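Here's the structure we're looking at; comments come further down.
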């Protein structure tokens, strides 16, 4: 049975998990900071913050590319994925920039 967006259930789940992985990583970092757990080295945190969105975008795009959709619909989903991922990562960067600005500003 096809879903309304023409992806079967399993690829849709893979797409969704890969799509939300940058946000989940960000929230896990906030949780580690909030619980005062030992934080990983800064170079690891920053490199993963740069690598995870790229890998997530690659996984999302490959799930759409190998789906059984028609050409135009496939390109539309790929563009939607690209724009949605850019918006998600952009919002995370804005949150980080605002948090750093508040942390270093005068009281």
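Of the residues that make up segment 36-46, is at least one surrounded by 12 or more Cβ atoms within 10 Å (Cβ to Cβ), on the phi < 0 side of the Ramachandran plot and either without any contact (Cβ under 8 Å) to a residue 40 or more places away in the chain or part of a helix (DSSP H, G or I) (or both)? Yes, segment 36-46 contains at least one residue that is surrounded by 12 or more Cβ atoms within 10 Å (Cβ to Cβ), on the phi < 0 side of the Ramachandran plot and either without any contact (Cβ under 8 Å) to a residue 40 or more places away in the chain or part of a helix (DSSP H, G or I) (or both). Considering segment 53-71, and only residues there that are at pLDDT 90 or above and loosely packed, with under 13 Cβ neighbours inside 10 Å, the residue that is farthest from residue 9 (Cα to Cα) turns out to be 54. The set of residues in segment 60-73 being in a helix (DSSP H, G or I) and closer than 20 Å to residue 17 by Cβ consists of 60, 61, 62, 63, 64, 65.
The values are calculated or read from the model by the stated rules, or taken from the named source; none is laboratory data. Being a predicted model, the structure only gives us computed values, none of them experimental. Note that each Cβ is placed from the backbone with ideal geometry, even for glycine, and that neighbours are counted across all protein chains shown.
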